[in-house]
Amino acid sequence: MIVSENVPLSTHTTLRVGGTARFFIECESKEDIQNALAFALEHGLLWSVLGEGSNVLAGDDVYNGVVIAIRIPGIAFVDAGEEVQITAGAGVAWDALVLEAARCGLWGLENLAGIPGTVGAAPVQNIGAYGAEVKDTLKEVSALDTRTGQIRILVRDECAFGYRDSIFKFSARFVILSVTFCLQKAAQPSIEYKDLKEALAQGTDLSTPASIGNAVRTIRGRKFPDLSLVGTAGSFFKNPTISEEAYASLKEKFSDMPGFPNARGVKIPTAFILDHMLGLRGYTEGNISLFENQPLVLVARNGATQKEIDTFANNIAARVHDATGIFIEREVRNFPT
Ligand SMILES: Cc1cc2nc3c(=O)[nH]c(=O)nc-3n(C[C@H](O)[C@H](O)[C@H](O)COP(=O)(O)OP(=O)(O)OC[C@H]3O[C@@H](n4cnc5c(N)ncnc54)[C@H](O)[C@@H]3O)c2cc1C
């Protein structure tokens, strides 16, 4: 394990904000993580787990604790007849796993191509895009239970997956070590999502996991800012689900308001509210903007601080509430969690 001191979190988070962490420990194995936890206990310090920092808003103040950065490598395959079980270390880059599965012609992860971050963080918020979620193919998660010190295998149904939600969000009890997916050998394309249908209509090849993955990466390239140029954590807010009555009443005022029924009510695209109802596409305050190409994406320029982002995001949420009565929740998590 590699222990560093006084490490700026702005260099380990894609929003590029955050004060320094007193200790930053890079862990390549379960034993490294156990040693890092023992180190924190010995020094009487708090600890918090970090992957690639692509879904967190780090605080401006010094974090007088231990950041446990997950770097566990490795991808292993087990042939199981019609499917293949693929297990990846929590530190593997998510898109490297998607590419590897596609290279082997395995179906199931391709719609999630191009999402930044690590395999270990993917179940935390049940990452999703283009009609797929990580829970669709996830078999089980191997995690260190920090309450007992034991390894726990949590099968999919134990993970309490929901929309950008899971058991791993409720508490920091589990440190994910690896994740196992069940992928299919037989073709199972999922290309119903609008952007993919349009790509198909324009002649894009969507016949293999690799070609779908590439099409998704191209589409995403138009919707997200270049991470090498600006700070961002992707979609900053979630899409709220409201009751059918609330949706009907909003429809009376805003007749073109889209809504997608689900088990809890009707899901509303926050981007529609920000863009079509509030005209906030590209809206800027100081160093922070809503991205021109996709207003759900918050962009932070050089010099931005967590406090500025907080103020900006609270202001946006208040404007949405004033216009619609809807409270929008953040998708991005405060760090340390
Ligand atoms: C440009 C861009 C586009 C994005 N697009 C999407 C998208 O389409 N869909 C989507 O769902 N998300 C998207 N995201 C969000 C982000 O990529 C995902 O949430 C990703 O899974 C975060 O991975 P990470 O390793 O960076 O996690 P981090 O940001 O480092 O951590 C996120 C949370 O998970 C916890 N965590 C991390 N690793 C572990 C572990 N091993 N065990 C336990 N807890 C852990 C952390 O403590 C933290 O609370 C996007 C982000 C960006 C910047």
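Couple of notes before you dig in:
- Dipole magnitude of the range 75-223, debye to nearest 20 (Cβ charges: Lys/Arg +1, Asp/Glu -1, about Cα centre): 480 debye
- For the chain, taking the reciprocal of the average inverse distance between every pair of different Cα atoms yields a Kirkwood hydrodynamic radius of 21.1 Å.
- Nitroxide proxy distance, nm - points 7 Å out along Cα→Cβ at V3 and A38: 1.1 nm
- Note on D226 and E285: with the Förster distance fixed at 22 Å, the Cβ-Cβ geometry gives a FRET efficiency of about 0.55.
- For a label point 7 Å along the Cα-to-beta-carbon line of T337, residues of the range 85-99 with backbone N under 12 Å: none
- Shown in residue order for the range 251-264 are the 3J(HN,Hα) couplings computed by the Karplus curve 6.51 cos²θ - 1.76 cosθ + 1.60 at θ = phi - 60°: 4, 5, 7, 10, 5, 8, 5, x, x, 10, x, 9, 5, 9 Hz (x for Gly and Pro).
- Net length available on complete extension from K307 to T11 is 104.8 nm, with 0.36 nm assigned per residue and the Cα-Cα distance removed.
- Those residues of the range 1-23 whose amide nitrogen sits under 19 Å from the label point placed on L45, 7 Å along Cα→Cβ: 1-13, 18-23
- Label separation (E245 vs E329): 2.2 nm, computed from points 7 Å beyond Cα along the C-beta direction.
- Percent of alpha-carbon pairs separated by more than 20 Å within the range 2-70: 21 percent
- Subtracting the Cα-Cα distance of F170 and A96 from their residue separation scaled by 0.36 nm leaves 23.9 nm.
- Restricting the range 71-154 to trypsin sites (Lys or Arg not before Pro) that sit in a DSSP loop and have at most 16 other Cβ atoms within 10 Å of their own Cβ leaves R147.
- Inter-probe distance in nm under a simple model that places probes 7 Å from Cα toward Cβ, at D61 and I153: 4.3 nm
- Length added when fully stretched, V78-E252, from 0.36 nm per residue minus Cα-Cα: 57.2 nm
- Remark: C-alpha extents of the range 231-335 on the principal axes read 43, 27, 22 Å, sorted largest to smallest.
- Computed on the range 75-223, the Cα convex hull volume stands at 104 Å³ per residue.
- Percent carbon-and-sulfur accessible area, the range 75-223, ignoring ligands, DNA and RNA, probe 1.4 Å: 52 percent
- Longest stretch of the chain clear of exposed loop sites (GluC sites (Glu not before Pro), DSSP loop, at most 14 other Cβ atoms within 10 Å, sites excluded): 83-191.
The values are calculated or read from the model by the stated rules, or taken from the named source; none is laboratory data. Note that the structure is a prediction, hence the values are computed from the model and not measured. So basically every Cβ, Gly included, is an ideal-geometry build from the backbone, and we count neighbours across all protein chains shown. Surface areas here come from the heavy atoms of the whole protein model, side chains and all, with no ligands, DNA or RNA. Shrake-Rupley method; radii C 1.70, N 1.55, O 1.52, S 1.80 Å.
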